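Visitor: I have a structure here, written as structure tokens, and I will follow up with some questions on it.
The values are calculated or read from the model by the stated rules, or taken from the named source; none is laboratory data. Quantities reported herein were computed from a predicted structural model and do not represent experimental measurements. Cβ placement follows ideal geometry from the backbone for every residue including glycine, while neighbour counts extend to all protein chains displayed.
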């Protein structure tokens, strides 16, 4: 689970910005909070981020995604793909990222600082209920591995040889069969999932056309949202018919090998499932099934609405959040993009109804759908606003930081009136 994320000097964010999933003192929906008793810690299952266009909502998501990429890419080529604060006058700007996560009921703190040429600082700390220990510390041209861990000398040797390379030491050490390194790396690579509205690929490790419970849920959603679709099916399609560019194919190969099946979003709106079969890429095109007067018709997805395709794209997310028992943190930029407000409301409510003190799942999203502020029953500490300052930098603020709010205040009304900032100035 995500506990806290801090960063500075990235895109529209200049100063240190803190995004926290630690629950405050509010008593609303207390049964939905994840309880980590040995740390006396309660974590929020959800965070909703609002703000005007160009305020910096998406840049917050991109900061977390950049950290994920930095950690999970063991062989970065060339310069680090860092995007500093837009308007800095510093000729050698340094960006800093810190994250606290819960993995197997232990807390790990990971810190990293870099410019576009090199990693300047990196540290991984493990905390239990009684103590904490630094597993490794990298500071410019020196690295110190905790001497009490298994295979200390071998790990130290690998670390020393990696210092002149412009990528995360954690990415390198994750292959050393030391459990904390492996588990923190796995959290970034598998549990943390970032979704953008314009992503070319969507992780889709699901059996389209199968009889699993996720397909029943998806069918329920498609029917209840008046799409007219009764089910999804897929048929084989050749790679030549897809006309993938060399870049797209390389990205596909890399992603499928690391994350499993992927859904390709074609320019015309079609959807193709890509997966490995007999050691090579294979493809299946998705079709929507419509039942009319007792007869089934297969309709290509490019002929369906944008909202219907968005629901289908979110099928793995719906499965993981509502049905699967695995831990996950979904971060969705623009959850309302292409979706009716009723569907947004349904997803948020169903998720909150399915979490408890033992749940280790989280949903973080940006949105313009203000109806959720009124109808979804969100806790106030689950609501954030992003506003653009006069110097064009972004500022992230939690609702609980605003003074004078009454318990019966309508957050939707106050937000739309500009009380919290984050709304467009027209």
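Visitor: Evaluate the following for residue 100: is it in a helix (DSSP H, G or I), under 30 Å from residue 386 (Cα atoms) and either modelled with pLDDT of 90 or more or touching a helix residue (DSSP H, G or I) at 6+ places or on another chain (Cβ under 6 Å) (or both)?
Guide: Working: in a helix (DSSP H, G or I): no; under 30 Å from residue 386 (Cα atoms): yes; either modelled with pLDDT of 90 or more or touching a helix residue (DSSP H, G or I) at 6+ places or on another chain (Cβ under 6 Å) (or both): yes.
Judged against the criteria, residue 100 is not a match.
Visitor: Oh, and also: How many residues are more than 20 Å from residue 172 (Cβ to Cβ), assigned to a loop (DSSP other than H, G, I, E, B) and in contact with a strand residue (DSSP E or B) (Cβ under 9 Å, 6 or more places away or on another chain) when one looks only at the range 65-97?
Guide: Total satisfying the criteria: 4.
Visitor: Of all the helices (runs of 4 or more DSSP H) wholly in the range 226-345, which have at least 3 residues that are within 30 Å of residue 55 (Cβ to Cβ) and touching a strand residue (DSSP E or B) at 6+ places or on another chain (Cβ under 9 Å)?
Guide: Details: elements: 246-259, 306-313, 315-322.
Passing ranges, in order: 306-313, 315-322.
Visitor: Which of the residues belonging to the range 106-130 are in contact with a helix residue (DSSP H, G or I) (Cβ under 9 Å, 6 or more places away or on another chain) and under 20 Å from residue 174 (Cβ atoms)?
Guide: Answer for the range 106-130, where residues must be in contact with a helix residue (DSSP H, G or I) (Cβ under 9 Å, 6 or more places away or on another chain) and under 20 Å from residue 174 (Cβ atoms): 106, 107, 108, 110, 112, 114, 119, 122, 124, 126, 127.
Visitor: Pick out the one residue from 133, 111 that is in contact with a strand residue (DSSP E or B) (Cβ under 6 Å, 6 or more places away or on another chain), free of Cβ contacts under 8 Å to residues at least 60 places away in the same chain, surrounded by fewer than 17 Cβ atoms within 10 Å (Cβ to Cβ) and part of a strand (DSSP E or B).
Guide: 133
Visitor: Considering 336, 327, 354, which residue is surrounded by 19 or more Cβ atoms within 10 Å (Cβ to Cβ), touching a residue at least 12 places away in the same chain (Cβ under 8 Å) and within 21 Å of the chain's Cα centre (by Cα)?
Guide: Just a single option satisfies the conditions, and that option is 336.
Visitor: Could you identify the single residue in 89, 105, 118, 122 that is within 16 Å of residue 165 (Cα to Cα), in the same structural domain as residue 19 (by TED's automatic domain parsing) and surrounded by fewer than 18 Cβ atoms within 10 Å (Cβ to Cβ)?
Guide: Going through 89, 105, 118, 122 in turn, just one is within 16 Å of residue 165 (Cα to Cα), in the same structural domain as residue 19 (by TED's automatic domain parsing) and surrounded by fewer than 18 Cβ atoms within 10 Å (Cβ to Cβ): 118.
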